[in-house]
Every structure is written in structure tokens, then in C-alpha cells.
1. Evaluate the stretch B:54-71: report whether one residue or more is under 23 Å from residue B:154 (Cα atoms), at pLDDT 70 or above and among the acidic types (Asp, Glu).
2. Report yes if residue B:83 is in a loop (DSSP other than H, G, I, E, B), of a type in the set (A, V, I, L, M) and either closer than 23 Å to residue A:127 by Cβ or within 19 Å of the chain's Cα centre (by Cα) (or both), otherwise no.
3. Quick check on my filter: what residues within the stretch B:70-96 are surrounded by fewer than 14 Cβ atoms within 10 Å (Cβ to Cβ), out of contact with any helix residue (DSSP H, G or I) (no Cβ under 8 Å at 6 or more places or on another chain) and over 13 Å from residue B:129 (Cβ atoms)?
4. Which count do you get for residues in the stretch B:90-112 that are facing chain A (nearest Cβ under 9 Å) and out of contact with any Phe, Trp or Tyr (no Cβ under 7 Å at 6 or more places or on another chain)?
5. Test residue B:67 against the criterion of being among the polar types (S, T, N, Q) and crowded, with 21+ Cβ neighbours inside 10 Å, and give yes or no.
6. Could you pull out every one of the helices (runs of 4 or more DSSP H) wholly within the stretch A:1-106 that has 2 or more residues that are within 14 Å of chain B (Cβ to nearest Cβ), in contact (Cβ under 8 Å) with a residue 60 or more places away in the chain and β-branched (Val, Ile, Thr)?
7. Which members of the stretch B:119-140 meet the condition of being of a type in the set (D, E, K, R) and either within 14 Å of another protein chain (Cβ to nearest Cβ) or free of Cβ contacts under 8 Å to residues at least 60 places away in the same chain (or both)?
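The values are calculated or read from the model by the stated rules, or taken from the named source; none is laboratory data. Here the structure is a predicted model, which means the values were calculated and not measured. Note that each Cβ is placed from the backbone with ideal geometry, even for glycine, and that neighbours are counted across all protein chains shown.
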Amino acid sequence: MWEIIILAIVVIIGGMFFGYYNRFVTLSNRIDNSLSQIDVQLKRRADLIPNLINTVKGFAKHETAAIKAVTDARKALVGAKGVEKKVEADKKLESALKTIFAIAEGYPDLKANTNFLELQKELTSTEDKVAYSRQYYNDSILTYNLLCRTFPGVLFANIYSKKPRTYLEIAAEEKEVVKVDFN
Amino acid sequence: MKQRVDFRDQISKNKMKSYFLMVVIFFVILILGYVISMATDPGYFFVIMIFAIIFSISYLLVNFYHSDKIALKSVGAKEAKRIDYRDYHNLVEGLCIASGMPKPRLYVMESSMINAFASGRDPEHGVICVTKGALEKLERRELEGVLAHELGHIASYDMRYMTMVAVMVGMISIISQVFLRSLWFRGRGSSNDSSKAIFMIIGIALAIIAPIVVYFVQMSISRKREFTADASAVKFTRYPNGLIKALDKIGKANQSNEKKVNKALAPLFFSNPFKGAGRTHPPLEERINVLKRM
């Protein structure tokens, strides 16, 4: 009888060791994946800019300052290393784009150009996707950190030396901007 | 956000419940087959049982693997191509990133009503279908809320579970109907056997009560899922207002009954496609109130 109980306890504890190890691996993979997703979306956003600039130049050549601001911001985004820096650069690009879109209001031909409209739509929806990928990144970190900090996960986190990760900070005003843009 | 339902719990619960339901459906059919064969002619017991088993297993399998196709076909949905429905695709892609789910296949159905439904046995086989009315009448954020709600259904394996429930309800009502109707065609006086009479009474009682009970269980299950899906929609979008406005619009749009939609599909939809007929969805106002508290 005792043998069976001891065996059962051993099996359960062994199972927990396996289970928690796999859980940690799955969750860290998810974090890495969502991190690269942010990258993918930022890159797609950067790729759309040259087209937009060409279209804008065709109709509003004289707005050199605004156009330059966008190309510079794009360059900064492409050259940025690390997600924090990239997100920072994306923020600058977003505000530069806003100026361009505001200027476009003054050029009826540009405003009515289908190419421009398409690009504007694509850019807003990639901005959406950037925001969502950051949100998912933080969500993944939240689940991972919860596992690291709550019992009994905290025991296994110590055994496997897994440490809680830090969130990607998003400025509050910026989040609002993303939401308002579409109405 | 108060009382947030944890996702993983919901998913494993739904999976377990749907397997459990499959077993239940199987046994319900066995029991009904047994009672009916006892009531009619015990000699046919094995024939009826074998037939019932084959029938129920194939019915379950077909439904498990083809529920999405059946649902899409029955409403005449067409695939939404990316070129024609760019916003629709972009919104769903964004939500998939937010939820870490694979992108479901997207469909459109011809209807001026604002509605949508999701199907598919797991996220890999997910399907979302919206009406043309929804695409035209809803603002971007509202549509996003609706799509997030449908994605929530897919994420929590609601479709698998609800399909199983729908199958069970359908089967039980079919069997009961067949049994009750068969009584009219049989001569009276022929059976004086008392055990036969008892089984006959049990059979009739079962045939009448079972569909009613199952129907109410289905309704209450279905209503609960709607709240969960609303909650996951908010989890994905972090913007309850979109969904609130969409629900509000649906309430004001004075939706007429959708004739093309089979009643059995009602629980799959975003808002009830039928007025007055069994409440598969909680009242819109109640859903809005819950959302406002998030």
C-alpha cells in the first residue's frame, strides 16, 4: 500500500518537473515570437513609406520639410537597434505621417488619389497591427511572469533559473492616438 | 476589468465538455434505441441498436469535421477575397496578432442585417463569416469589436462545443419525433404485454420530455458563451466601446428575421437572427451593461 502511495507521489512530482519545464519553454517561445512579430509589422510599415512619399511628391512637391521629416523618421526606424528603440522611432514616424496627412487635406487632387488613399489605409492598419503586436508581447510576458511569481511555479522558476521579464512600456498618450485615428 | 474569465481554463473546460457531450450523445442514443426497441419488438433490439450506433458515430464524425462547411453552405456564404475586402482582412489580421491565433478563413454572406458567425472545430480550422450589412453599416471600430467577439468564440473552442450541443439537440428531437409518429401507424390492441406497456409509457415520456429539457440546457449554455466571447473581444481590442456601439446599432437597426438561416445555427451568430424564437443570446442591453463595466 505504502509503495503505491510513494510511487504515485514520485510520479506526480516528476510530472510537475516536466510540465513546468515545458510550460516555461512554451511561454518564452511565445514571447520571442511576439517580439519578432513587432519587428515584422514595423518593417512592413517602413516599407510602405517610399511609395507614400512618391505619391505625395507627385502632388505636393513644395512640402519639402514634411516630406523630409517622414523620410528621416523612416531612416531612423530602419536603422534602430532593439525593440525599444524601434518603437521609439516608430512613434516619431507616426507623428511625421500625421503632418503629411494633415497637409494632404489642402491638396484635393492628392486627397482623392486612390493610390494615396490605399496607402493611408494600409499605414493606419499596420499601425493598428504594431499596437496589437506590442499588446500581445506584453500579454505573453504577463502570463510568463505570473507563472514565475505564483506558487508553485515560483519553485520551478528558481530551479530552472527563469526570471520575470520586463514589459515593453507604451506611453499612454500614444495609445490613445492609435485608437482615435480611425473614427 | 472585474471577474475576467481566464482563457486557458475556458478552453480546456470547453474541450472536456465537448468530449463529455459526445459520450453523452452516444449513450442517449443507445438508451433511446433500447427503450424504443423494448416498446415495439424486443426481437429487433440488435438491429435497432447496431443501426443506432452506426448512425450516431457517423453523425458525430461528420459534424465534428464538417461543421464549418455545413454552416457556410447553409447560409450561402462566399469567400471574402483580400482584394475586395481589404479592411475586413486587415482587422482580422490585427486581432489575430493581438490574440496570437492563426488567421481564420473569411467569408461574406448576402444579407442586409448586421450579423456574423464563427465556426470550425479548432483555431486552425477557424472560419468567420459576416453579413454584407455588417460590413456596410458598421464603423471600423465597431466591426472590429464584432470580429473580435467571433474570434473569441474560436479561441475558446466554443464552436466545437456548441456544435456538439446542437447535434445532440437535433438527434434527440429527431429520434423522439420518429418514435412518437410511429405510434400512430401501429395497430392498438396487439400488445397486451405489461412490460411492453411500461416501456411504451417510458418511451413516450422520454420522447416528449427529452427534447424540451435539452433545448433549455442548450439555450442557457449558449447565452453564457456570448458573455465570455464579449469578454475575450475586450481582451483582444482593449476597447469595449467598439463592441458597445455595434450592439447598440444592432438594437436600433430593427433587424428582421433572416429566412435563409436555419434555426439550428442561431447560437453561432453574433446576435440572434430570429425575433421571439428561443433566446440563444442574452438581451443586447444586458450585454452592453456588462461591457460598460469592463
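1. So the first thing to find is which residues in the stretch B:54-71 are under 23 Å from residue B:154 (Cα atoms), and the list is B:59-71.
So of that shortlist, the ones also at pLDDT 70 or above come out as B:59-71.
Within this subset, residues satisfying the condition of being among the acidic types (Asp, Glu) are B:68.
Yes, that holds for at least one residue.
2. yes
3. Scanning the stretch B:70-96 gives B:81, B:83, B:84.
4. Going through the stretch B:90-112, the residues facing chain A (nearest Cβ under 9 Å) turn out to be B:90-91, B:93-100.
This time we only want the ones that are out of contact with any Phe, Trp or Tyr (no Cβ under 7 Å at 6 or more places or on another chain), so: B:90-91, B:93, B:96.
Going through the stretch B:90-112 one residue at a time, the tally reaches 4.
5. Spelling it out, residue B:67 is indeed among the polar types (S, T, N, Q) and crowded, with 21+ Cβ neighbours inside 10 Å.
6. Working: elements: A:2-59, A:64-79, A:83-104.
Filter on the stretch A:1-106 gives A:2-59.
7. B:121, B:122, B:124, B:132, B:136, B:139, B:140 - these are the residues of the stretch B:119-140 that are of a type in the set (D, E, K, R) and either within 14 Å of another protein chain (Cβ to nearest Cβ) or free of Cβ contacts under 8 Å to residues at least 60 places away in the same chain (or both).
Residues checked against (1) touching a residue at least 12 places away in the same chain (Cβ under 8 Å); (2) farther than 25 Å from residue B:250 by Cα; (3) assigned to a helix (DSSP H, G or I):
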position	(1), (2), (3)
B:55	yes, yes, yes
B:61	no, yes, yes
B:64	yes, yes, yes
B:87	yes, no, yes
B:95	yes, no, yes
B:98	yes, yes, yes
B:107	yes, no, no
B:117	yes, no, no
